Amino acid sequence: MSETTDRPYHHGDLRRALIDTALDMLAADQNWAFTLREVARRTGVSHAAPYKHFRDREMLLRELARIGFVRLGESLTGAMSPDLPSTRAQFMAAAQACIGFACQNPGLYRLMFSADADKTIDAPLHDAAMNTFGILLGLLERGQRDGSFQPVAVNALAAAGWAQVHGLAMLAISNQLLEEKVGPAPIPAALNVLLDGLCRCD
């Protein structure tokens, strides 16, 4: 279990305090094996207090995942500066921002795509995930309009792009991108190979 410091809770937003404590624990431990009882103890409230806002641990985990998708979306949007010279450059920046987010928040990133973040039973989580995916779709659609990306079904481009970026992120946070296997700069190299396939040749 993590060595995060217990945070005494006095008055204010109990829901926010519980979420912040759980995010701290997730960041420290890189997993979500904690219980609501442990979150309550570290927040400085009674064991029953979390149930005022979260009926069970799984509901809290889905809220953490929702926050993760919102933050990931903000990272992607922030990376796609209009000052970049091309849509391809924006895609590269967004992809690297996604991988960077995963490396900075490995526990949260894994939770976002785990079975414990079931998007089929949680509308706010589903919407947050789709909004973030929509950033990729929007970028690809702009690239098709300006002639950068191939004029094929945008969902096919999105699937190819997302599969490779997410795969690179998972490999990176698992320390699997070893130089002896994939060279000294595997992420930009792999992304350039991906973009060579997504972009028009003419």
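Being open to solvent by less than 20 Å² (accessible area, probe 1.4 Å) and in a helix (DSSP H, G or I) is the filter; apply it to the range 53-62 and report the residue that is farthest from residue 175 (Cα to Cα).
Start the filter on the range 53-62 by keeping residues that are open to solvent by less than 20 Å² (accessible area, probe 1.4 Å), which leaves 54, 60-62.
Now drop any that are not in a helix (DSSP H, G or I), which leaves 60-62.
Details: 60: 28, 61: 25, 62: 26 Å.
The residue in question is 60.
Is it the case that the range 161-168 has a residue that's in contact with a Leu (Cβ under 7 Å, 6 or more places away or on another chain) and more than 28 Å from residue 31 (Cα to Cα)? Before you say what the answer is, go through the steps one by one.
Residues of the range 161-168 in contact with a Leu (Cβ under 7 Å, 6 or more places away or on another chain): 161-162, 164.
From the residues that got through so far, the ones that are more than 28 Å from residue 31 (Cα to Cα) too are none.
Checking the range 161-168: not a single residue is in contact with a Leu (Cβ under 7 Å, 6 or more places away or on another chain) and more than 28 Å from residue 31 (Cα to Cα).
Of the residues that make up the range 166-180, is at least one over 22 Å from residue 90 (Cβ atoms), open to solvent by less than 60 Å² (accessible area, probe 1.4 Å) and assigned to a loop (DSSP other than H, G, I, E, B)?
So far as the range 166-180 goes, yes, one or more of its residues are over 22 Å from residue 90 (Cβ atoms), open to solvent by less than 60 Å² (accessible area, probe 1.4 Å) and assigned to a loop (DSSP other than H, G, I, E, B).
Residue under question is residue 102, and the condition is that it be open to solvent by less than 10 Å² (accessible area, probe 1.4 Å) and outside any helix (DSSP H, G or I); does it hold? Quick ask: steps written out before the conclusion?
Values: open to solvent by less than 10 Å² (accessible area, probe 1.4 Å): yes; outside any helix (DSSP H, G or I): no.
Judged against the criteria, residue 102 is not a match.
Are there any pairs with C-beta distances below 6 angstrom linking a residue in the range 74-97 that is open to solvent by 40 Å² or more (accessible area, probe 1.4 Å) to a residue that is at pLDDT 95 or above and of a type outside the set (D, E, K, R), with the two at least 6 apart or on different chains, and if so which?
Matching pairs, first to second residue: 75/97; 75/101; 84/90.
Restricting the range 105-122 to residues that are hydrophobic (A, V, I, L, M, F, W, C) and assigned to a loop (DSSP other than H, G, I, E, B), which is surrounded by the most Cβ atoms within 10 Å (Cβ to Cβ)?
Here is the first cut: in the range 105-122, the residues hydrophobic (A, V, I, L, M, F, W, C) are 108, 111-113, 115, 117, 121.
Subsequent filtering for residues that are assigned to a loop (DSSP other than H, G, I, E, B) retains 113, 115, 117.
Numbers: 113: 17, 115: 5, 117: 22.
Ranking the candidates gives 117 first.
I'm trying to understand the selection: among the residues of the range 123-158, which are of a type in the set (S, T, N, Q), part of a helix (DSSP H, G or I), open to solvent by less than 80 Å² (accessible area, probe 1.4 Å) and touching a residue at least 60 places away in the same chain (Cβ under 8 Å)? Before the answer, list the steps.
First, the residues of the range 123-158 that are of a type in the set (S, T, N, Q): 131-132, 144, 148, 150, 155.
Narrowing further to those that are part of a helix (DSSP H, G or I): 131-132, 144, 155.
Add one more test, that the residue is open to solvent by less than 80 Å² (accessible area, probe 1.4 Å), and what stays is 132, 144.
Passing the criteria: only 132.
The values are calculated or read from the model by the stated rules, or taken from the named source; none is laboratory data. Being a predicted model, the structure only gives us computed values, none of them experimental. For neighbour counting, all protein chains shown are included, and Cβ atoms are generated from backbone atoms with ideal geometry for every residue, glycine included. Ligands, DNA and RNA are excluded from the accessible area calculation, which covers all protein heavy atoms including side chains. Shrake-Rupley method; radii C 1.70, N 1.55, O 1.52, S 1.80 Å.
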